[in-house]
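Below is one structure; the comments refer to it alone.
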Amino acid sequence: MDENHWENIYRNKNEKEVSWFQEVPSRSLELITELKMSPDDSIIDIGGGDSHLADHLLAYGFKHLTILDISSAALDKVKERLRKHSNSVKFISSDITKFDPKEKYKLWHDRATFHFLTSAEDVTTYLKIANHAIAPGGYLIVSTFSKTGPEKCSGLPISQYSEEDLKALFEKYFTNIRCLEDTHKTPWGSSQNFVYCGFKKRT
């Protein structure tokens, strides 16, 4: 992952100038709600950037949130937006492939970070870190560009996935719960096709 690339993006563009912006991350919230988690459960948002997911989870009553992103500028934007509520969120600036988790999470959420890992080595590293970070019986939600989605994002190459691809990759550590496809509308009206999959960690 290129830290300078993402720092430049978040320092020079506002949230509605990037393709991934969602005022309401409805699909993620739908999948999280289905898990019927406790407000005391710990959640980490991988590559959260300045996503609004934390805003909604705080409104739902969740008390233990962590946002990880390679860009410190992105995290600063979340802190500024949440203001006093940012005290309820932990912020970690790290490349996901170098993340060394210091606690266990009930839920690992990743919308559109995993597909930036284009080498087998990075994918394997990601899976090992996720498995280590998630508590026994915990959950993982991952969203990527689908086979009919874009081939690049923010000028960078990505890996496209089908539902079957994600199930095959994650089955070593996780049991699939549900997958769905979704079409995301960018702020300028174009369409991007995604696939979402939810998993439960094997005990």
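Restricting attention to the range 1-39, the residues that are among the β-branched types (Val, Ile, Thr), assigned to a loop (DSSP other than H, G, I, E, B) and within 22 Å of Phe116 (Cα to Cα) add up to 1.
Close contacts from the range 173-186, counting a first residue that is over 22 Å from Leu35 (Cβ atoms) and a second that is of a type outside the set (A, V, I, L, M, F, W, C), with Cβ to Cβ under 6 Å and a gap of 6+ residues or different chains, come to Thr183/Ser191; Thr183/Asn193; Thr186/Ser19.
Here the condition is being of a type in the set (D, E, K, R) and either under 15 Å from the mean Cα position of the chain (by Cα) or within 22 Å of Leu156 (Cα to Cα) (or both); of Lys84, Lys36, Lys16, it holds for Lys16 alone.
Listed conditions (1) under 20 Å from Glu34 (Cβ atoms); (2) buried (at least 17 other Cβ atoms within 10 Å of the Cβ) are all met by Arg202, apart from (2).
Among the candidates Thr144, Thr125, the residue that is in contact (Cβ under 8 Å) with a residue 40 or more places away in the chain and either among the hydroxyl-bearing types (Ser, Thr, Tyr) or in contact with a Leu (Cβ under 7 Å, 6 or more places away or on another chain) (or both) is uniquely Thr144. Take the conditions (1) over 14 Å from Ser143 (Cβ atoms); (2) hydroxyl-bearing (Ser, Thr, Tyr); (3) crowded, with 18+ Cβ neighbours inside 10 Å; Tyr196 misses just one of them, which is (1). Answer yes or no as to whether Ser162 is at pLDDT 95 or above and either surrounded by 15 or more Cβ atoms within 10 Å (Cβ to Cβ) or small (Gly, Ala, Ser) (or both). When the stated conditions are applied, Ser162 passes them. The helices (runs of 4 or more DSSP H) found entirely in the range 40-138 include none that carry 3 or more residues being charged (D, E, K, R) and farther than 28 Å from Arg11 by Cβ. Restricting attention to the range 71-95 and to residues that are of a type in the set (Ser, Thr, Tyr) and touching a residue at least 24 places away in the same chain (Cβ under 8 Å), the residue that is surrounded by the most Cβ atoms within 10 Å (Cβ to Cβ) turns out to be Ser71. For the range 87-105, the condition holds for no residue, the condition being that it is modelled with pLDDT under 95 and at positive phi. Each residue in the range 96-122 was checked for being among the basic types (Lys, Arg) and in contact (Cβ under 8 Å) with a residue 40 or more places away in the chain, and 3 pass.
The values are calculated or read from the model by the stated rules, or taken from the named source; none is laboratory data. Fair warning: this is a prediction, and the values are worked out from it, not measured in the lab. Neighbour counts run over all protein chains shown; Cβ positions are idealised from the backbone, glycine included.
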